[in-house]
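The values are calculated or read from the model by the stated rules, or taken from the named source; none is laboratory data. Remember, predicted model here, so these are calculated numbers, not experimental data. Don't worry about glycine lacking a Cβ; one is built from the backbone with ideal geometry, like all the others, and counts go over all protein chains shown.
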Amino acid sequence: MQSLWMLVASLLFSIMGVCVKLSASHFSTSEVVLCRGLVGVIFIIGLIKIRGGTLRTAFPRDHLIRGGIGVISLWMWFYSFRLLPVATATTLNYMSSIWMAAILFCAAWWQGKKRFEWGLAAAVIFSFIGVALLLRPSIDASQIAGGIVALVSGVLSAIVYLQVRKLGLLGEPEYRVVFYFSLTGFLAGLGGCLSSGEIPFYHPVSAQGLALVITIGLTATLAQIAMTRAYRLGNTLVTANLQYSGIVFSSLLGLVIWHDALGWMGWTGLAIILLSGVASTFYHQATESALQPANDPIPPSESQKLSDSHPATIDLEENPWPIQR
């Protein structure tokens with residue numbers, strides 16, 4: 001099932017996170033954001049040259065919303081790490097899946113739909129409990145501002161994921177969605193460097209540092225492609241729940257690379273996350289086989305009408321890499 005692409009995305013994002021941590025002594029945050037976007041832009045352009053396709057889009061406004069909100073969310077998440085312990089910032093940001101479930105519930109209620117996937121929503125909540133057990137976040141009165149920043153970042157992330165879903169239903173292929181987000185990230189990183197009086201990479205760069213930022217860009221780009229495909233073709237809540245697997249991958253990488261100790265609560269949290277992911281997948285297979293769930297906030301008539309008006313853009317079922325004829 002297509003939601004399983006989120007597992008691929010989570011693994012790649014976890015590898016990217018390791019490289020970001022290792023690159024902290026080599027580059028500023030702005031340089032990392034800039035390079036992540038630049039590598040993505042170059043990669044997608046090269047892919048189009050090889051596989052065919054076009055960057056022309058009938059939905060520039062939707063790409064701008066996705067890119068703009070996505071970059072703001074990313075910056076706020078990075079900034080929250082300066083104000084909060086890593087575990088707390090990560091936990092609050094991963095509340096995006098819960099916010100997504102809340103948004104879908106409100107959308108279903110607003111549209112007068114009686115059916116809401118309570119089983120999947122429960123799996124998302126249980127996974128978050130697992131994350132809390134694994135990371136054991138803490139916060140004091142002096143960190144309230146940082147907590148608000150991380151919470152808002154999670155809300156914005158939820159909106160971004162639903163916007164990715166919408167772009168997919170509108171018929172936009174993964175490579176085009178990822179290209180415009182990468183371009184937005186590159187421009188934002190460049191702006192961040194220049195606004196602070198910093199000339200990007202105008203300092204000695206070691207071979208290790210160069211390898212790290214290139215790996216960050218490549219893993220981020222491939223992860224974005226996999227994530228976009230998961231949200232475009234998979235069930236929204238199943239995909240959101242499988243996103244928690246990123247915590248599992250990151251914890252295991254930390255165990256191997258930095259010898260982080262998990263303890264019994266950590267291993268219990270890992271087990272809950274894994275079991276919730278498996279349960280949500282089987283629940284969805286047993287109750288829903290259609291591409292678009294009944295509680296999708298994007299009306300079927302809208303997505304079908306727009307896809308029909310651009311029939312050469314993409315085959316939603318089969319071919320994510322359209323060839324121009």
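Trp258 meets each of the listed conditions (1) under 19 Å from the mean Cα position of the chain (by Cα); (2) more than 30 Å from Ile103 (Cβ to Cβ); (3) of a type in the set (Phe, Trp, Tyr) apart from (1).
Taking (1) within 21 Å of Leu34 (Cβ to Cβ); (2) surrounded by 23 or more Cβ atoms within 10 Å (Cβ to Cβ) in turn, Val238 satisfies each apart from (1). The residue that is nearest to Ser127 (Cα to Cα), among those in the stretch 76-85 that are at pLDDT below 85 and within 18 Å of the chain's Cα centre (by Cα), is Trp77. Looking across the stretch 108-126 at every residue that is outside any helix (DSSP H, G or I) and over 27 Å from Ile247 (Cα atoms), the one that is modelled with the lowest pLDDT is identified as Lys114.
Condition check ((1) part of a helix (DSSP H, G or I); (2) over 16 Å from Ile225 (Cβ atoms); (3) not charged (D, E, K, R)) across all residues:
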residue	(1), (2), (3)
Leu134	yes, yes, yes
Ser138	no, yes, yes
Gly147	yes, yes, yes
Val152	yes, yes, yes
Ser157	yes, yes, yes
Leu162	yes, yes, yes
Lys166	yes, yes, no
Val177	yes, no, yes
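Looking across Leu12, Leu22, one residue alone is farther than 16 Å from Ser206 by Cβ, part of a helix (DSSP H, G or I) and touching a residue at least 60 places away in the same chain (Cβ under 8 Å). It is Leu12.
Applying the criterion of being closer than 19 Å to Asp260 by Cβ and among the hydrophobic types (A, V, I, L, M, F, W, C) to the residues of the stretch 81-101, the residue that is surrounded by the most Cβ atoms within 10 Å (Cβ to Cβ) is Ala89.
For every residue, the table says whether it meets (1) surrounded by fewer than 23 Cβ atoms within 10 Å (Cβ to Cβ); (2) within 18 Å of the chain's Cα centre (by Cα); (3) of a type outside the set (D, E, K, R).
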| site | (1), (2), (3) |
| --- | --- |
| Val152 | yes, yes, yes |
| Arg165 | no, yes, no |
| Phe186 | yes, yes, yes |
| Leu190 | yes, no, yes |
| Thr215 | yes, yes, yes |
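The number of residues in the stretch 159-205 that are among the polar types (S, T, N, Q) and touching a Lys or Arg at 6+ places or on another chain (Cβ under 8 Å) comes to 2.
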